[in-house]
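The block underneath contains the structure these notes are about, expressed in structure tokens.
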Amino acid sequence: MRTQRKPFDKYAYYLRAVQAPDVDCEFIRDTYKQLRGRVPRVLREDFCGTFAICCEWVKMHRENKAIGIDLDPAPLEYGRTHYLSALKSEQQKRVSSIRASVLTAKVAKVDVVAALNFSYYLFKSRLLLRQYFKRVKSSLRQDGLFVLDCFGGPDCQMANEEKTKIADFQYFWDQENYNPITQEALFHIHFKRPGERKRERVFTYDWRMWTIPEIRETLLESGFKRTHVYWEGTTRSGQGDGNFTRSEKGEECDAWVAYVVAEL
């Protein structure tokens, strides 16, 4: 008898291939405590998608609260159905998911705003990026922090495709092009399960590749007082090891990922 294969769930595969909400939440908590001397309690996740980070945040402590903001109703509804519903009743009450633009959403002030998975790269002009950063600044409490991630390196300045084997499927990060004049690039995520055709362009991202100096300068222009870069360490084989350390000197590598943290 032929075994029926489970339906393809693109958000579930995205979570397994791309996200590590527990790692992000731990970094946010530990970095805030290091810089501010206390533990943050209220997190806002911008461009939150399925708001998996919000759900992970409230699981970390009974006093933690989280607000997720995204324009797309589909991932928000998925998050409510699959992640929010899996929380305990009292944890669910501490999560809010809002369909709105991060440029106009009006929510209470928070300890931390996080813009992860390079989501703010969709802002292609410095004017828009500065507008967004100013909105974030106005939404933070007096001792608040803004946490962003970023990526780059020579590999991001050319078309290429990277394949990664993850347990029972393959994940493809495909950069279709790169325009050195505008710094724009088009990316796709593909998936392939054994015995099936490759699922092309499950997710697509039309981004501008912002550099760390541009991000830091724009943050300062937007009213933040200080910025810090947390650079990822490497294994003996030259791969990222998932450990991020505050530094003003990065390594010369073909591809890198880093966090930028901004203080008021």
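The values are calculated or read from the model by the stated rules, or taken from the named source; none is laboratory data. Keep in mind that what you see is a predicted model, and the values were worked out from it rather than measured. Glycine gets a Cβ as well: all are built from the backbone with ideal geometry, and neighbour counts include every protein chain shown. Accessible surface areas use protein heavy atoms only, side chains included; no ligands, DNA or RNA. Shrake-Rupley method; radii C 1.70, N 1.55, O 1.52, S 1.80 Å.
Using a 1.4 angstrom probe on heavy atoms only, work out the carbon and sulfur share of the accessible area of region 41-166 in %.
51 percent
Once you list every other residue whose beta carbon is under 12 Å from the beta carbon of Glu176, what net charge do they have if Lys and Arg are +1 and Asp and Glu are -1?
Spelling it out: positives minus negatives among the neighbours equals -4.
Restricting to DSSP loop positions (anything but H, G, I, E, B) with no more than 16 other Cβ atoms inside 10 Å of their own Cβ, which trypsin sites (Lys or Arg not before Pro) remain in region 34-138?
Listed in order of number, the matching sites are Arg38, Arg62, Lys88, Lys93, Lys106, Lys109, Lys124.
Using helices alone, what [θ] at 222 nm do you get for the chain, with -39,500 (n - 2.57) per DSSP H run of 4 or more residues, divided over all residues and rounded to the nearest 500?
Dividing the helical sum by the residues of the chain leaves -8000 deg cm²/dmol.
Given a cut-off of 28 Å, name the pairs among Lys124/Lys198; Lys33/Lys163; Lys33/Lys59; Lys65/Lys249 whose C-alpha atoms lie farther apart than that in the structure shown.
Pairs exceeding 28 Å: Lys124/Lys198; Lys33/Lys163; Lys65/Lys249.
Using 0.36 nm per residue, how much length does the chain from Lys124 to Lys93 gain when fully extended, once their Cα-Cα distance is taken away?
7.6 nm
Quick check: from the Cα gyration tensor, does region 87-234 come out rounded (a/c under 1.5), prolate or oblate?
In terms of gyration-tensor shape, oblate.
With a probe of 1.4 Å, find how much accessible area the chain has per residue, and write the answer as a whole number in Å².
That works out to 52 Å² per residue.
Would you list His188, His82, His61 from the most to the least accessible area, probe 1.4 Å?
Largest accessible area first, the residues go His82, His61, His188.
For a test of the definition: using alpha carbon positions, the gyration tensor, and the 1.5 limit on a/c, classify region 1-158 as rounded, prolate or oblate.
oblate
Take the Cα of Leu71, step 7 Å along the line toward its Cβ, and report every residue of region 185-219 whose backbone nitrogen sits under 19 Å from that point.
Under cut-off, by backbone N: 185-188, 203-210.
If you take the square roots of the eigenvalues of the alpha-carbon gyration tensor of region 69-165 and sort them as a ≥ b ≥ c, do you get rounded (a/c under 1.5), prolate (a/b over b/c) or oblate?
oblate
Report the Cα centroid-to-centroid distance between region 123-151 and region 213-231 in angstrom, as an integer.
9 Å
With both bridge residues required to lie in the chain, what share of the DSSP beta bridges run antiparallel, to the nearest 5%?
Of the beta bridges lying entirely in the chain, close to 70 percent run antiparallel.
Compute, for Tyr11, the solvent-accessible surface of its heavy atoms (probe 1.4 Å) with the complete set of protein chains present, and express it in square angstrom to the nearest 10.
40 Å²
How high is the FRET efficiency from Ala12 to Leu220, r the C-beta distance, R0 30 Å, rounded to 0.05?
Efficiency, from the Cβ-Cβ distance: 0.15.
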